[in-house]
Amino acid sequence: MKNLILLGPPGSGKGTQAERITAKYGIPAISTGDIFRKNIADGTELGKKAKAYMDKGELVPDELVVGLVADRLSEDDTKGGYLLDGFPRTIVQADALERVLTERGERIDGVIYINTPRDELIRRISGRRVCEVCGKTYNTGSFAPKVAGVCDHCDGKIVQRNDDTEATAKNRVDVYNEQTMPLVDYYRGKGLLSEFDGMIPVGDIFTGIEKLLGE
Ligand code: AMP
C-alpha cells in the first residue's frame with residue numbers, strides 16, 4: 001500500500017497517527033488544514049479566503065481545495081506514496097481526487113478510518129493546544145507539556161487554534177457528520193476501508209495500522 005487516506009472526525013487523532021506513519025514509512029503526510037494554516041500565516045489570497053470558513057468551523061469550498069491537492073500531489077516527494085490527512089472531506093472532493101489519480105494512472109490503495117464518538121471529540125478538541133513554532137500537539141487533559149505554555153520539543157509558545165474553541169468544535173463535528181461521514185460508506189463500498197476504534201490508546205491504534213501496512 002502506498003497511497004493512503006486518513007479519514008476520521010476532527011479530534012480523532014488523525015494528526016498523531018499521521019506523524020507516526022510518516023516517521024515509520026517515510027511517506028509525506030499531506031494535511032489540507034496545515035496547508036490552509038500556512039497560507040493564513042503567510043497572508044496569501046488563498047489564506048484570506050479560507051480563514052473566513054475555518055474560523056466558523058465550516059468547510060472551505062471544494063473548488064479551493066481540489067486544485068491545491070492536485071498540485072501538491074505533483075511534487076516529487078509523493079512518488080513513493082503519500083498519506084492524505086483531512087482530504088477528501090466531501091463526496092465531490094473524493095470524486096475529483098479519483099479523476100485526478102486516474103488521469104495519472106494512480107489510485108488510492110487504502111483508507112484508514114478512525115471512528116470516535118461525538119462527546120469525546122468535543123472534549124479533546126477544546127482541550128487541544130499546539131506549538132505555534134513546530135506544530136506539536138498537546139492536550140490540557142491528557143498530555144500537558146512539562147513546562148506550562150512551552151513546547152517540550154522546541155521551546156516554542158503553546159497556543160489554542162482559533163477553531164478549537166468549544167462552539168467551533170461542535171460545529172466542526174456536525175459538519176463532519178453531514179459532509180464527510182458519507183465517505184465512510186463510499187470507501188467501504190470500494191473495499192478500501194480499514195476501521196480503527198479511536199477510543200483505544202494511540203499506540204494500539206498504530207499497532208493496528210502497522211499490521212495493515214506491514215512491518
Ligand atoms: P483540520 O486541520 O484538518 O481539522 O482542518 C481545519 C479546517 O480547515 C477545517 O475545519 C476546514 O475549514 C478546513 N479544511 C481542511 N481540509 C479541508 C478540506 N479537505 N475541505 C474543506 N475544508 C478543509
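Coordinate-derived values only; no laboratory data. In this text, all values refer to a predicted model and were calculated from it rather than measured experimentally. All Cβ positions, glycine included, derive from the backbone under ideal geometry; neighbour counts span all protein chains shown.
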Tell me the residue from Q160, Q179 that is under 16 Å from R37 (Cα atoms) and of a type outside the set (A, V, I, L, M, F, W, C), please. Q160
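For the condition buried (at least 20 other Cβ atoms within 10 Å of the Cβ), free of Cβ contacts under 8 Å to residues at least 60 places away in the same chain, more than 30 Å from I200 (Cα to Cα) and out of contact with any Lys or Arg (no Cβ under 7 Å at 6 or more places or on another chain), what is the one hit in A50, A41, A70?
Working: A41 fails: buried (at least 20 other Cβ atoms within 10 Å of the Cβ); A70 fails: buried (at least 20 other Cβ atoms within 10 Å of the Cβ).
Criteria check complete, one pass: A50.
Kindly indicate which of S126, S142 is under 19 Å from Q17 (Cβ atoms) and of a type in the set (S, T, N, Q). Step through it out loud before you land on a result.
Working: S126 fails: under 19 Å from Q17 (Cβ atoms).
Residue meeting the stated conditions: S142.
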Which numbered condition E195 misses (of (1) farther than 24 Å from V69 by Cβ; (2) more than 15 Å from the ligand (Cβ to nearest atom)): (1)
With away from the ligand (no atom under 13 Å from the Cβ) and of a type outside the set (V, I, T) as the only criterion, which of R107, R89 stands out? R107
With respect to D77, determine if the residue is surrounded by fewer than 17 Cβ atoms within 10 Å (Cβ to Cβ), in contact with a Pro (Cβ under 6 Å, 6 or more places away or on another chain) and touching a residue at least 40 places away in the same chain (Cβ under 8 Å). yes
